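Reviewing the structure listed below.
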Amino acid sequence: MKKTFLAIFTVVSINCFAQQWTEYKVDSNLTVTLPDNYVIIDTLGQHIVKAQVANAFIMIQRLANAGKSAVNIQSKDELIKSYEGFQKGVVNSQNGKLINQQVQEKAGLQLTQFSFTAEMGEEKQIRHFFIIFFNENWYSISFWEVEAFTNELKDDRNKFFSSIRFPEGSSLKENQFSNSVESSLAYKSGYLFGQIIAFSLMVGAVVAVVRWISKKGRRKKQQEAV
């Protein structure tokens, strides 16, 4: 698996120069700007959007707050505990080392952002995450970059994260509290969702890039046949 990821990352990096950026509406909750080479995947109960820039992956995931791991959030403190658990679920499942985490308010909503180092094959990466619980869905918005290129990728990274938008007039109480019937402790649920997101993120990344490369190969064959 590690060698597969390393090979895919190399191919994608070589073929991602001069792409255009476009506004993309993930659903009625979330809008973001990303490279127009994005791929959409629905797998393992998740909606995943993936795109590439040179030396970096961009991934957006939406996972419904449902099932036995569903969280029932009735306060700001419970939401923050869920975010703390989510972060640990993601970092631990990817054998990462946390660099920083902060819980912050944006446009009346509570969210968390964190970064950690991890390895893909023999390559060291920094993985940046923007996590928000909104309207009974978990949204994981991430930017994976080769550590050696972190300074060169600053503009693309900031452009991506600063473009994230939720509907105007949204609020903590109206959009981030949950009345899930099946629920467990906030921290525990957050941790479980973090593990689920991390696992399908790894699978989704491979599937998306393989599809992208496959389509590119088919187009090349069609051009050669003309």
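The values are calculated or read from the model by the stated rules, or taken from the named source; none is laboratory data. It should be emphasised that the depicted structure is a prediction, and the values quoted were computed from it without experimental measurement. Using ideal geometry, Cβ is built from the backbone for each residue, glycine included, and neighbour counts are taken over all protein chains shown.
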Task: Single condition Ser82 does not satisfy, out of (1) closer than 17 Å to Phe134 by Cβ; (2) modelled with pLDDT of 90 or more; (3) small (Gly, Ala, Ser) - done: (2)
Open item on the list: With the requirement that a residue be farther than 19 Å from Gln46 by Cβ, out of contact with any strand residue (DSSP E or B) (no Cβ under 9 Å at 6 or more places or on another chain) and touching a residue at least 60 places away in the same chain (Cβ under 8 Å), what does segment 109-151 give you?
Closed with: Gly121, Glu122
TODO: Only one of these is charged (D, E, K, R), touching a residue at least 60 places away in the same chain (Cβ under 8 Å), under 19 Å from Thr33 (Cα atoms) and not in a strand (DSSP E or B): Lys81, Lys159, Lys88. Name it.
DONE: Lys159
Task: Residue count for segment 20-42, restricted to those that are touching a residue at least 60 places away in the same chain (Cβ under 8 Å) and either over 20 Å from Glu136 (Cα atoms) or not in a loop (DSSP other than H, G, I, E, B) (or both) - done: 9
Open item on the list: Restricting to segment 170-188, count the residues that are assigned to a loop (DSSP other than H, G, I, E, B) and modelled with pLDDT of 95 or more.
Closed with: 3
- [ ] Would you mind stating whether Phe134 is aromatic (Phe, Trp, Tyr), touching a Ser or Thr at 6+ places or on another chain (Cβ under 7 Å) and either surrounded by fewer than 16 Cβ atoms within 10 Å (Cβ to Cβ) or closer than 16 Å to Leu30 by Cα (or both)?
- [x] no
Open item on the list: Any residue that is under 26 Å from Gly169 (Cα atoms), at pLDDT 90 or above and of a type in the set (Lys, Arg) - is there at least one of those in segment 20-31?
Closed with: yes
Task: Residues (in a strand (DSSP E or B) and loosely packed, with under 15 Cβ neighbours inside 10 Å) located in segment 43-63 - done: Thr43
- [ ] Assess whether Glu119 counts as being at pLDDT below 95 and not in a strand (DSSP E or B).
- [x] no
Open item on the list: If a residue must be touching a Phe, Trp or Tyr at 6+ places or on another chain (Cβ under 6 Å), of a type in the set (Val, Ile, Thr) and surrounded by fewer than 20 Cβ atoms within 10 Å (Cβ to Cβ), how many such residues does segment 67-99 contain?
Closed with: 1
- [ ] Filter segment 46-74 for residues that are in contact (Cβ under 8 Å) with a residue 24 or more places away in the chain and not hydrophobic (A, V, I, L, M, F, W, C) and give the result.
- [x] Gln46, Lys50, Gln52, Asn55, Gln61, Arg62, Asn65, Gly67, Lys68, Ser69, Asn72, Gln74
Open item on the list: Please count how many residues of segment 137-156 are surrounded by fewer than 18 Cβ atoms within 10 Å (Cβ to Cβ) and of a type outside the set (S, T, N, Q).
Closed with: 6
